[in-house]
Amino acid sequence: MINSTWWICPPGTFDMLQPSNRLNGARLVCFAEVTGAVRPTGGTTHRKGGEALGPARGLAICQYAGERYFYLFYCDGEWAVVTDSFHLNLDGAKHQAEFEYEGISKQWTQAA
């Protein structure tokens, strides 16, 4: 059961590997691990199968080929996408991430 728990492992228990350059078929733009330096705000509740999910272990902003829009992917400890949100631009995706995870703005790594 995922409800109210960290997906896979709590932050700080291990360093996540860098994600693939494609997640769910979308090109990786940037990513951030949800570490102890980041505070989940509880400002948004994500659900899967009707159950509330706990905080993500990693966040990735991606873009599908031929689209100008961005997706904020909420990932488990192995960068598998658990849920996502849609955004009109990169700044909007980053703003949503900071709304949900205070301090994440300092954690973004640009994809290669």
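Can we say GLY77 is touching a residue at least 24 places away in the same chain (Cβ under 8 Å), surrounded by 20 or more Cβ atoms within 10 Å (Cβ to Cβ) and more than 10 Å from the chain's Cα centre (by Cα)?
On the way: touching a residue at least 24 places away in the same chain (Cβ under 8 Å): yes; surrounded by 20 or more Cβ atoms within 10 Å (Cβ to Cβ): yes; more than 10 Å from the chain's Cα centre (by Cα): yes.
Yes; evaluated as a whole, the condition is true for this residue.
Contact annotation: residue pairs with Cβ atoms under 9 Å, 6 or more positions apart or on different chains, pairing a residue in the stretch 55-68 that is more than 14 Å from PRO19 (Cβ to Cβ) and in contact (Cβ under 8 Å) with a residue 40 or more places away in the chain with a partner that is in a strand (DSSP E or B) and not basic (Lys, Arg), are PRO55/PRO40; PRO55/TYR74; PRO55/TYR101. Condition test on GLY66, is it of a type in the set (Gly, Ala, Ser) and surrounded by fewer than 18 Cβ atoms within 10 Å (Cβ to Cβ)? Answer is yes for this residue.
Every read-out reported here was derived from the displayed coordinates using simple, explicitly stated rules and does not represent laboratory data. Everything numeric in this text was worked out from a predicted model, so none of it was measured. Quick reminder, even Gly has a Cβ in these numbers, built from the backbone with ideal geometry, and neighbours come from all protein chains shown.
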